[in-house]
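So the structure is just underneath, and the comments pick up after that.
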Amino acid sequence: MDKKTLFDKVWDSHVVTNVPNGPQVLYIDKHLIHEVTSPQAFAELEERNIPVFRPNQIVATADHNVATINQHLPIVDDLARNQIEMLTKNCAKNGVELYGLGHEYQGIVHVIAPELGITQPGMTIVCGDSHTSTHGAFGTIAFGIGTSQVAQVFASQCLLLEKPKSLRVKVNGKLAKGVLAKDVILYIISKIGTNSGTGYFCEYAGNVFEEMSMEGRMTVCNMSIEMGARGGMIAPDDTTYEYVKGKKFAPQGAELEAKIAYWKTLPTDEGAVFDKEYDFDAADIAPMLTYGTNPGMGIKINGTIPVLNDVSFEKSLEYMGFEQGEQLLNKPINYVFIGSCTNSRIEDFRVVAKYIKGKQKAKNVVALIVPGSQQVAKQIHAEGLTSIFEAAGFEIRQPGCSACLAMNDDKVPAGEYCVSTSNRNFEGRQGQGSRTLLASPLVAAATAIEGKIIDITLHLN
């Protein structure tokens, strides 16, 4: 019998048909949409008089350019208002479930689907958003698609695709104190580069991922796209089943038991062959920080920026205002952003609250706490974290993508540094001329307290 990978098993079970000498037709279980990438696709269908094929397999929310203050008030920004009005109109017209502003389930699309139990192992999930790979944490094939593909899924619930190659990244051993899931993925990308995953779907394996919470696994899979991969996956296990159990749209009772029995067949077979493999030792990983303008430009927090004779590398450092061979410790920072589809879940905010409790942020720092969903916002309040954040001088906002990509007013001013828990540090990503340093929620929290970059490993009890 053929030995199959987790990816093979999920992919092969969703192939509707093969185009002779061409791509495959892949069935899509869930289609997530938001206000930014769906209007053109809806318009295309309307123009061609094609109905939405399976509206009940689509879930919509408003997240990318929503304000994170006074969400109950009319939207001031013209673009945001138009996009959200279009989404509302399109969903109503086509019978699509919308968790819009003011809805108890509204939030970042890649936060709400897992927490509502919409995301389940063995599925195929797409969204017009590159960080759809987040859902791979459940043993799901999840990836971002372009506008024309959004229209394809609307019309047929399928996509024409070439099957990607397989890649496995193994991390085994024991993580040091203060090293979080975000550090693990930033370390991996810093080692293998931003193009190593191009054309591949990546499976993360080894005891480090097996011991991670679902939140941690989502953080890792979220950033698979930053090493060029089509997506990332982690095999479902007891941690996955426990997380899914009891969620709003999760199966229950006998149906759940039957599903779990199937999910248990999904992990990669012993002896299955991958097209490419990488192995890392957990002991080599430290709290990380990026210093450049792509997520692969990362160093250990107490490390030094490499010395390279490379024009684009030099250009990147020039933009960031850094020197080759420089350390980033003690670098003054005025902005800290804790949020985004990478790190805006309750576990992330617990880490921050635990560290800052009884402390006060540096006077010069603007520190934003942006929950990933209305449900996370409620949890923050219910667990008493609100008072900890407020006492420390952090600003709690309402759910949305916020300063991750600065499509709303949450922008970092030109020339300023922001230590951010988001996923991209491209030029101007957080506002024109802004400079982003990617980090874990723990490193971000410590930076806000000190007003500069510190070696977090020396400050943990």
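The values are calculated or read from the model by the stated rules, or taken from the named source; none is laboratory data. Here the structure is a predicted model, which is why all the values come from computation and not from measurement. Cβ: placed from backbone, ideal geometry, glycine included. Neighbour counts: every protein chain shown. With ligands, DNA and RNA removed, areas are computed over all heavy atoms of the protein, side chains included. Shrake-Rupley method; radii C 1.70, N 1.55, O 1.52, S 1.80 Å.
Observations on the structure shown:
- Region 370-386, residues that are among the small types (Gly, Ala, Ser), under 14 Å from residue 339 (Cβ atoms) and in a helix (DSSP H, G or I): 377
- Of all residues in region 387-406 being more than 17 Å from the chain's Cα centre (by Cα), outside any helix (DSSP H, G or I) and not acidic (Asp, Glu), the one that is farthest from residue 449 (Cα to Cα): 398
- Of all residues in region 69-121, those being open to solvent by 10 Å² or more (accessible area, probe 1.4 Å) and of a type in the set (Gly, Ala, Ser) number 4.
- Residue check for residue 70: farther than 28 Å from residue 230 by Cα, among the polar types (S, T, N, Q), part of a loop (DSSP other than H, G, I, E, B) and more than 22 Å from the chain's Cα centre (by Cα): yes
- Qualifying residues in region 385-420 (those that are among the polar types (S, T, N, Q) and in contact with a Ser or Thr (Cβ under 6 Å, 6 or more places away or on another chain)) - the one nearest to residue 227 (Cα to Cα): 420
- Some residue of region 434-451 being small (Gly, Ala, Ser) and under 26 Å from residue 72 (Cα atoms): no
- Taken as a whole, the condition of being under 30 Å from residue 396 (Cβ atoms), among the charged types (D, E, K, R) and either touching a helix residue (DSSP H, G or I) at 6+ places or on another chain (Cβ under 9 Å) or open to solvent by less than 20 Å² (accessible area, probe 1.4 Å) (or both) applies to residue 63.
- Some residue of region 262-270 being surrounded by fewer than 20 Cβ atoms within 10 Å (Cβ to Cβ) and among the β-branched types (Val, Ile, Thr): yes
- For first residues located in region 23-49 and over 12 Å from residue 86 (Cβ atoms), partners that are among the β-branched types (Val, Ile, Thr) and part of a helix (DSSP H, G or I) and lie 6+ apart or on another chain with Cβ distances below 9 Å form the pairs 28/153; 31/150; 31/153; 32/109; 32/112; 32/132; 44/147; 44/150.
- Tallying residues that are in contact (Cβ under 8 Å) with a residue 24 or more places away in the chain and in a loop (DSSP other than H, G, I, E, B) within region 416-432 yields 11.
- Within region 323-363, restricting attention to residues that are part of a strand (DSSP E or B) and touching a residue at least 40 places away in the same chain (Cβ under 8 Å), the residue that is surrounded by the most Cβ atoms within 10 Å (Cβ to Cβ) is 336.
- Within region 38-50, the set of residues being on the phi < 0 side of the Ramachandran plot and open to solvent by 90 Å² or more (accessible area, probe 1.4 Å) comprises 40, 46, 47, 48.
- Residues of region 433-449 that are open to solvent by less than 10 Å² (accessible area, probe 1.4 Å) and not in a loop (DSSP other than H, G, I, E, B): 436, 437, 438, 441, 443, 444, 445, 446, 447, 448.
- For region 207-225, the candidate set comprises residues that are open to solvent by 10 Å² or more (accessible area, probe 1.4 Å) and in contact (Cβ under 8 Å) with a residue 12 or more places away in the chain; within that set, the residue that is nearest to residue 144 (Cα to Cα) is 225.
- Flag for residue 452 being among the basic types (Lys, Arg) and either crowded, with 23+ Cβ neighbours inside 10 Å or in contact with a strand residue (DSSP E or B) (Cβ under 9 Å, 6 or more places away or on another chain) (or both): yes
- Failed criterion for residue 366 (all others in (1) open to solvent by less than 10 Å² (accessible area, probe 1.4 Å); (2) of a type in the set (A, V, I, L, M, F, W, C); (3) in contact with a Phe, Trp or Tyr (Cβ under 8 Å, 6 or more places away or on another chain) hold): (1)
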